[in-house]
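These notes are about the structure you will find just below.
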Amino acid sequence: MPELSTPAPDLAATVREILVDDVYVASAVHEIALDDNLRDDHGLDSIGFLELRAQCERRFAVVISDDDFNPVNFASVRTVADLVRTLRQIPAAGIQQ
């Protein structure tokens, strides 16, 4: 199993805001935990995942390839934030390069 990282707070917070404000999940921002399964815990369907991808690309100025748009990278707020961080080449919190 991959090691879990701690996403930069602003990335995770923005992903949560996207889920509530743009994807319209039925949960409040404070109810979405970092490791909640977006499909099982918050009801995202295929259209919701497409919207999440598009909004992440727009808000974070990244391009999410079809290879990166997969269930592993879009499982939770943490995995989406980790993907965005990787695409933006932002070091994980507390790790110096």
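Values for this structure:
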| item | result |
| --- | --- |
| Pair list, Cβ under 8 Å, 6 or more apart: the stretch 67-85 residue free of Cβ contacts under 8 Å to residues at least 12 places away in the same chain, other residue in a helix (DSSP H, G or I) | 72/79; 73/79; 73/80; 73/82; 73/83 |
| Hits in the stretch 41-83 - residues which are farther than 12 Å from residue 19 by Cα, surrounded by 15 or more Cβ atoms within 10 Å (Cβ to Cβ) and among the aliphatic types (A, V, I, L, M) | 62, 64, 75, 81, 83 |
| Flag if residue 46 is at pLDDT 95 or above and more than 23 Å from residue 88 (Cα to Cα) | yes |
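The values are calculated or read from the model by the stated rules, or taken from the named source; none is laboratory data. What you see is a predicted model; the values in this text were computed from it and never measured. Cβ sites come from the backbone with ideal geometry, for glycine too, and all protein chains shown count toward neighbours.
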